[in-house]
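Input: a single structure, listed below in structure tokens.
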Amino acid sequence: MSYSNFHTHCSYCDGLGQPEEYVRQAIQYGFAAIGFSSHAPLPDSYCWTLKDAELKEYCHTVRSLGVKYSKAIQVYLGLEIDYIPGTVGKNSDEFRACNLDYTIGSVHFAVDDQTGRYFNWVESEDSYIWILKHVFRGDIRAFVGGYYKSMPNMVREKKPDIIGHFDIIKKNNLSGNYFCEGDDWYKQEVRDTLKEIALSGCIVEASTAGMARGCMNDLYPSMWILRECRERNIPIILNSDAHTPKELNANFELAVKRLNAVGYFEQSVLSDGTWKQVELTAAGAKSGQTGQNH
């Protein structure tokens, strides 16, 4: 079984290392493909996103690497595009001009309905606490519910190919100080969201990012959510959200075992420019048919 990684951040946004370093590392790891997904530019300036002036250069660089290393690996051009109501999206003119191979849709921002301002709550627990207090008036169910309701809206309005780190809302809740994943209201928010995703045909990312950075011993999404995804036949893709070349395959072997445990023996990947189902099995695991188009 060959691995791939389609959630990759390099020096063009908040990753460390030039794009070519990632390609060479992916070849060393024996990858079948690598996809670049720098954070797309946003209307406001952020240090972790691509700058508008660099978007064309980024696209040219990735395409050039695809040509240079075409005999060794498939290289794909993507963007991770944040969903913020009323702002840029997959079909914005500047992104259509890039002729992207794929997009990852992610939710990193909460919107204050009273002011229309949006706030990034993923960066730190301090920002998470501030937003909970000042935007949601201390109502964690409104905060979490707003996050999960954003994804169906994103799917309807912008429809990415891949939904990034589905339950990243848990990132600053590892101690369980703010909510419990076992609560009925939380599970219902997740299930309602997955119903919409299942109808959309979007791929849900199984991400090792939290494990790769040593902040949790769990995937995005949690195992029980992956079981819910499997019951709904939602396709998945294994990614690491790599911010360094060495992270490209971070914890993949463990992740595959966990995915097999909930019934996933295939994943969706781009191969020869088409989304296909390919084998995803740990040693000794049984798999189903492979190679079917998604």
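Every read-out reported here was derived from the displayed coordinates using simple, explicitly stated rules and does not represent laboratory data. Every value quoted in this text rests on a predicted model; they were computed, and no experiment measured them. Quick reminder, even Gly has a Cβ in these numbers, built from the backbone with ideal geometry, and neighbours come from all protein chains shown.
Rank these for me by crowding, Thr244, Thr274, going from fewest to most other beta carbons within 10 Å.
By the 10 Å Cβ count, ascending: Thr274, Thr244.
Subtract the Cα-Cα distance of Arg232 and Val67 from 0.36 nm times their separation in residues, and report this length gain in nm to one decimal.
Answer, rounded to one decimal: 55.6 nm.
I need the fraction of alpha carbon pairs in the stretch 1-158 separated by more than 26 Å, rounded to a whole percent.
Pairs farther apart than 26 Å: 35 percent.
Loop only per DSSP, at most 13 neighbouring Cβ atoms within 10 Å: give me the trypsin sites (Lys or Arg not before Pro) in the stretch 30-78, ordered by residue number.
Lys71
Quick one: give the max-minus-min coordinate of the C-alpha atoms of the stretch 19-92 along each principal axis, largest first, in Å.
That gives 41, 22, 20 Å along the principal axes, largest extent first.
Aspartates and glutamates near Lys56 by alpha-carbon distance under 18 Å, same-chain residues fewer than 8 away left out - which ones?
By straight Cα distance, Lys56 reaches Asp14, Glu20, Glu80, Asp93, Glu94, Asp101.
Tell me the relative contact order for the stretch 227-278 as a rounded percent, counting alpha carbon contacts under 8 Å between residues six or more apart.
31 percent
Please arrange Met151, Met216 by counting, for each residue, the other beta carbons lying within 10 Å of its beta carbon, fewest first.
Sorted ascending by nearby Cβ count, the order is Met216, Met151.
Sequence gap at least 6, Cα distance under 8 Å: using those rules, report the relative contact order of the stretch 116-209 to the nearest whole percent.
Here the relative contact order equals 35 percent.
Order these by the 10 Å Cβ neighbour count, fewest first: His9, His134, His165, His243.
If I rank by nearby Cβ atoms, fewest first, I get His134, His243, His9, His165.
Tally Lys and Arg at +1 and Asp and Glu at -1 over the other residues with C-beta under 12 Å from the C-beta of Phe179: what net charge comes out?
-3
Per residue of the chain, what 222 nm ellipticity follows from adding -39500 (n - 2.57) for every DSSP H run with n ≥ 4, rounded to the nearest 500?
-10000 deg cm²/dmol
Report the percentage of all Cα-Cα pairs in the chain whose separation exceeds 32 Å, rounded to a whole percent.
Of the Cα pairs, 21 percent sit more than 32 Å apart.
Under the definition of Cα pairs under 8 Å and six or more residues apart, what whole-number percent is the relative contact order of the chain?
Rounded, it is 17 percent for the chain.
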